[in-house]
Amino acid sequence: MARKISLACVWVLAILCFVVPYWVLDQVNAWYGSFLFWGVAGVLVIICNLIATRDFQGQDE
């Protein structure tokens, strides 16, 4: 269940990475508004991917 939720969060974050900088922050003339958002979103995607893959196990040969 946690895997499905974390993967859904990755998709939501991916959509927000387009919506927020281009629609919400479009009036901000400084580059660091979008950069800060994308940096935080990148860290959140990494965390969601760690949660989604923490139950994966290696194949024994």
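Quick one: what pairs do we get from segment 40-52, first residue in contact (Cβ under 8 Å) with a residue 40 or more places away in the chain, second open to solvent by 80 Å² or more (accessible area, probe 1.4 Å) and part of a helix (DSSP H, G or I), C-beta under 9 Å, 6+ apart or different chains?
As it stands, the answer is 48/5; 51/3; 51/5; 52/3; 52/4; 52/5, since those pairs meet every condition given.
Taking the criterion of being modelled with pLDDT of 80 or more, hydrophobic (A, V, I, L, M, F, W, C), out of contact with any helix residue (DSSP H, G or I) (no Cβ under 6 Å at 6 or more places or on another chain) and open to solvent by 100 Å² or more (accessible area, probe 1.4 Å), would at least one residue in segment 50-60 satisfy it?
Within segment 50-60, one or more residues are modelled with pLDDT of 80 or more, hydrophobic (A, V, I, L, M, F, W, C), out of contact with any helix residue (DSSP H, G or I) (no Cβ under 6 Å at 6 or more places or on another chain) and open to solvent by 100 Å² or more (accessible area, probe 1.4 Å).
Filter segment 22-41 down to the residues that are over 19 Å from residue 9 (Cα atoms) and of a type in the set (Gly, Ala, Ser), then identify the one that is nearest to the chain's Cα centre (by Cα).
Among those residues, the one meeting the criterion is 34.
Return yes when residue 7 is part of a helix (DSSP H, G or I), among the hydrophobic types (A, V, I, L, M, F, W, C) and touching a residue at least 40 places away in the same chain (Cβ under 8 Å) and no when it is not.
Numbers: part of a helix (DSSP H, G or I): yes; among the hydrophobic types (A, V, I, L, M, F, W, C): yes; touching a residue at least 40 places away in the same chain (Cβ under 8 Å): yes.
Considered against the rule, which asks whether it is part of a helix (DSSP H, G or I), among the hydrophobic types (A, V, I, L, M, F, W, C) and touching a residue at least 40 places away in the same chain (Cβ under 8 Å), residue 7 comes out as yes.
With surrounded by 14 or more Cβ atoms within 10 Å (Cβ to Cβ) and of a type outside the set (Asp, Glu) as the only criterion, which of 36, 13 stands out? Don't jump to the end; show me each part of the working.
On the way: 36 fails: surrounded by 14 or more Cβ atoms within 10 Å (Cβ to Cβ).
Every option except 13 fails the conditions.
Of all residues in segment 25-61, which are touching a Phe, Trp or Tyr at 6+ places or on another chain (Cβ under 9 Å) and part of a helix (DSSP H, G or I)?
So the first thing to find is which residues in segment 25-61 are touching a Phe, Trp or Tyr at 6+ places or on another chain (Cβ under 9 Å), and the list is 25, 34.
Result: 34, single match.
Scan segment 16-33 residue by residue and report those that are open to solvent by less than 100 Å² (accessible area, probe 1.4 Å), of a type outside the set (A, V, I, L, M) and farther than 28 Å from residue 50 by Cα.
Residue satisfying the conditions is 26 alone.
The values are calculated or read from the model by the stated rules, or taken from the named source; none is laboratory data. Bear in mind the structure is a predicted one, so any value in this text is a computation, not a measurement. Please note: Cβ atoms are built from the backbone with ideal geometry, for glycine as well, and neighbour counts cover all protein chains shown. With ligands, DNA and RNA removed, areas are computed over all heavy atoms of the protein, side chains included. Shrake-Rupley method; radii C 1.70, N 1.55, O 1.52, S 1.80 Å.
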